[in-house]
Every structure is written in structure tokens, then in C-alpha cells.
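Colleague: Before I ask anything, here is the structure I am working with.
The values are calculated or read from the model by the stated rules, or taken from the named source; none is laboratory data. Note that the coordinates shown come from a computational prediction; the quantities given were computed from them, not determined experimentally. For neighbour counting, all protein chains shown are included, and Cβ atoms are generated from backbone atoms with ideal geometry for every residue, glycine included. For the accessible areas, the whole protein counts, side chains as well, though only heavy atoms, and no ligand, DNA or RNA atoms are used. Shrake-Rupley method; radii C 1.70, N 1.55, O 1.52, S 1.80 Å.
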Amino acid sequence: MRGALIAIEGLDRTGKTTQTERLLVKLKELNIKHKLVKFPKRDTQIGNLINTYLTEKSFQLSDQAAHLLFSANRWEIIDEIKKELQGGTVVILDRYVYSGVAYSAAKGLDFQWCLNPDVGLPKPDLTVFLQFKQSENASRTGFGDERYEVAEFQEKVKLLFENFSTNSEWSPLYVDGLTIDQVHEEIWSLFKQYLEGLDEDLQVF
Ligand code: DGP
Ligand code: NA
Ligand code: NA
């Protein structure tokens, strides 16, 4: 049995990082082998460049070049992720291909062009998409620190994420008015069925 590949997606400040951490605590309690990978993974050389791009607005990079760096950042660690899965470890991704495409296409790049460099990456077994019915995330603390954290841009990203809503692994989760605990319980109920591991091969984008 291989481990499940689970992605947590959403706009900025929807609570992804809080929820992935909650999930890790739970898996630890249950003694289930797990690994978290947060994208962009900023602690590699490519990731360092991405971090500079996101945090320093004076850093000049074409939209296409930035896009390909984010994709390269996924490809540079994918063999490690596959190895973990083969060894039976559950791998949790905090953002993945969906963010890669949605954030770049929101700048006006062609959707399929954006997806192309990620074609061949493994598809998650489950992708939980955290979202608000209202544009509530703009009022959450910390919003606005980085390059993409601008309300109008986030609205465009939200629309582009919709393109994935017909994917079979896609599970939208509205977090309006829910507490951290309640969101955690919802994620857990989606996640539970994958704990035993899976027989079938991973699909690819
Ligand atoms: P985070 O560390 O999760 O807050 O992500 C940093 C920012 O980068 C966030 O605004 C979303 C954006 N982002 C994440 N992955 C990608 C990607 O693959 N491509 C692009 N263009 N943006 C991304
Ligand atoms: Na962010
Ligand atoms: Na974030």
C-alpha cells in the first residue's frame, strides 16, 4: 500500500497553514507516518529566488519566468515525495499545482500554458479547497504583506481556481463562520478514508 497524497489549497489567508498543522498533530497522535511539504518550498536555491520575488516588490522577473520557477520548485522535490508515498507515508501538500496555475493565469497568462510545465506531476488523491463565500479573507490579519496579497488580484485567482472544480479529487470547503476546530473536523472527515493507504497508482496532471 502506498501513502495518500493530500493537498490543501485556497487563497491567501484562508487558514491553510493552520489547518495543515492541525492535521499533522492529529496524524502524529494516531502514529501515522506523514510528511508535510509547503509550496513554494522556500529553502532551496530555486525557493530562495521565489521568496525574494514574493517579498521584494522591486525584484524584476517576467510573469513567465516566475511561473516556471514555481513549477521547477515542485519538480525539484517530486522524486522525494514519490519515495515517501511508496514507503507508505501520507504526504500533505500546503499548496500545489492548482495555486501554480491559478496565480499565474490570474495575471493574464494562458491557462493551458500555465498547466503545461506541471503536466506529469502526480495528482493528489484528495484536494481540499478552503474558500469563503464572501471575500472575507481580505480582512484577516496579515493580508497584504506579499506581492499577491491584494484583494482584486485574489478575486481573479478565486475564479481561476474554479477551473479545477470538476476534477474528481477536488473537495471545496466553505469556511465562513467556522472555527479552526470545526474546519479541522470537516477536513478530517474528508481525509479519514485515505488513512489506510491506497492500492491504485497515482494519477498525473
Ligand atoms: P504561501 O507561502 O502559501 O503564502 O504562498 C506564497 C504566495 O505565492 C501566495 O500568494 C500564493 C503564491 N503561489 C504559491 N504557489 C504559486 C505558484 O506555483 N505560482 C504562482 N504564480 N504563485 C504561487
Ligand atoms: Na501568502
Ligand atoms: Na499563506
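Colleague: Looking only at region 44-61, how many residues end up being within 12 Å of ligand 1 (Cβ to nearest atom) and either assigned to a helix (DSSP H, G or I) or open to solvent by 60 Å² or more (accessible area, probe 1.4 Å) (or both)? Give the steps one after another, and end with the answer.
Modeller: Our first condition is that a residue be within 12 Å of ligand 1 (Cβ to nearest atom); within region 44-61, this holds for 46-47, 50-51, 53-55, 61.
When the remaining residues are screened for being either assigned to a helix (DSSP H, G or I) or open to solvent by 60 Å² or more (accessible area, probe 1.4 Å) (or both), the result is 46-47, 50-51, 53-55.
Selection size over region 44-61: 7.
Colleague: Are any residues in region 62-108 under 16 Å from residue 36 (Cβ atoms), within 13 Å of ligand 1 (Cβ to nearest atom) and of a type in the set (Asp, Glu), and if so, which ones?
Modeller: Within region 62-108, 94 is the sole residue that qualifies.
Colleague: Within region 166-200, which residues are part of a loop (DSSP other than H, G, I, E, B), touching a residue at least 12 places away in the same chain (Cβ under 8 Å) and within 27 Å of residue 78 (Cα to Cα)?
Modeller: Filtering region 166-200 for residues part of a loop (DSSP other than H, G, I, E, B) gives 166-169, 175-179, 195-197, 199-200.
Now restrict to residues that are touching a residue at least 12 places away in the same chain (Cβ under 8 Å): 167, 169, 175-176, 195-197, 199.
Of everything in region 166-200, those that are part of a loop (DSSP other than H, G, I, E, B), touching a residue at least 12 places away in the same chain (Cβ under 8 Å) and within 27 Å of residue 78 (Cα to Cα) turn out to be 167, 169, 195, 196, 197, 199.
Colleague: Counting just the residues of region 2-29 that are in a loop (DSSP other than H, G, I, E, B) and modelled with pLDDT under 95, which one comes out nearest to residue 161 (Cα to Cα)?
Modeller: To start, the set of residues in region 2-29 that are in a loop (DSSP other than H, G, I, E, B) comprises 3-4, 11-15.
With the extra rule that they be modelled with pLDDT under 95, the set shrinks to 11-15.
Details: 11: 9, 12: 13, 13: 15, 14: 14, 15: 17 Å.
Residue satisfying both the conditions and the ranking: 11.
Colleague: Is it true that residue 92 is in contact with a Leu (Cβ under 9 Å, 6 or more places away or on another chain) and aliphatic (A, V, I, L, M)? Explain how you work it out, then say what you get.
Modeller: On the way: in contact with a Leu (Cβ under 9 Å, 6 or more places away or on another chain): yes; aliphatic (A, V, I, L, M): yes.
Yes.
Colleague: List the residue pairs whose Cβ atoms are under 7 Å apart, where the first residue sits in region 1-21 and is at positive phi and open to solvent by 10 Å² or more (accessible area, probe 1.4 Å), the second is near ligand 3 (Cβ under 9 Å from one of its atoms) and part of a loop (DSSP other than H, G, I, E, B), and the two are 6 or more positions apart or on different chains.
Modeller: Pairs found: 13/142.
Colleague: Right, next: Among the residues of region 22-33, write down those that are open to solvent by less than 60 Å² (accessible area, probe 1.4 Å) and in contact with a strand residue (DSSP E or B) (Cβ under 8 Å, 6 or more places away or on another chain).
Modeller: Quick first cut of region 22-33, residues open to solvent by less than 60 Å² (accessible area, probe 1.4 Å) only: 23-24, 26-27, 32.
Correct list: 23, 24, 27, 32.
Colleague: Pull out all pairs, ordered by first then second residue, where Cβ-Cβ is under 7 Å, the residues are six or more apart or on different chains, the first lies in region 90-104 and is closer than 14 Å to residue 121 by Cα, and the second is among the hydroxyl-bearing types (Ser, Thr, Tyr) and modelled with pLDDT of 95 or more.
Modeller: Between residues of region 90-104 that are closer than 14 Å to residue 121 by Cα and residues that are among the hydroxyl-bearing types (Ser, Thr, Tyr) and modelled with pLDDT of 95 or more, the close pairs are 98/127; 100/71.
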